[in-house]
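Only the coordinates and a few stated rules stand behind these numbers; no lab work does. Nothing here was measured: the structure is a model prediction, and the numbers come from that model. Methodologically, a virtual Cβ is constructed for each residue, glycine included, from the backbone with ideal geometry; neighbour enumeration extends over all protein chains shown.
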């Protein structure tokens, strides 16, 4: 049933896609985290237009398929603006914008879970809002939402496989190329699946380790 003989020489080629995948995932995570914090602060703030914008933004990116957002950025934006976007930057932007919508909800829930008394005490002491959020509220919220953030990171790692539709040479795309050249698709796809699975296990382990360390620091 399985015949890996034709695929084995191409395994290093598939493994080279790990770097591309991590580049996309890490870049999108950083962008999504920064955007998520800003959107969350807008959602809990007192400026109505910013709240409406943040809610509308989240609704759009959570209500449409990620692959559609990716293809709009890679194909439609260059058409409208008459520019060229390479697959990797397009993927980072698309995944980052999408992830920011989900992370904003995670952070908003984490902020709301922090004891209200701490915010009231900070206000009573005259601590500026920005300093209160940066030094008191957000650090506690981050500890509470770390498992959810790691789940988002792991999900992003797996969903990154859809960049194959725009030609980015990630793990999945390389497995598909190997399948096309050897006329054997099952084996390279299984290898790609194993790579994603191992990466997910590693990320899960790192997340649990970080969570334990943060708990010990309380």
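Points worth noting:
- Nearest 10 degrees, 0 to 90: helix 48-63 Cα axis against the chain principal axis: 20 degrees
- Annotation: extensible slack from residue 68 through residue 109 equals 12.0 nm (criterion: 0.36 nm per residue apart, minus Cα-Cα distance).
- Cα-based helix-to-principal-axis angle, 171-182 vs the chain, degrees rounded to 10: 10 degrees
- For 21, 64, order by how many other beta-carbon atoms lie within 10 Å, fewest first: 64, 21
- Overall form of the chain per C-alpha gyration tensor (a/c, 1.5; a/b vs b/c): oblate
- Among 128, 89, 139, the largest mean-square fluctuation in a Gaussian network model of the chain (Cα springs under 10 Å) belongs to 128.
- Inter-part distance, the stretch 114-132 to the stretch 95-110, computed on C-alpha centroids, equals 24 Å.
- Counting only alpha carbon atoms, the long axis of helix 87-113 and the longest principal axis of the chain meet at about 30°.
- Structure remark: mean-square fluctuation, Gaussian network model of the chain, C-alpha springs under 10 Å; the largest value among 76, 90, 28 belongs to 76.
- Largest GNM mean-square fluctuation among 47, 37, 177, using the chain with Cα springs under 10 Å: 47.
- Spatially, the stretch 146-218 and the stretch 1-49 are offset by 8 Å when compared through their Cα centroids.
- Ranked 4, 61, criterion: other C-beta atoms within 10 Å, fewest first: 4, 61
- Fewest-first sequence of 108, 213, 208 by Cβ atoms within 10 Å of each Cβ: 213, 208, 108
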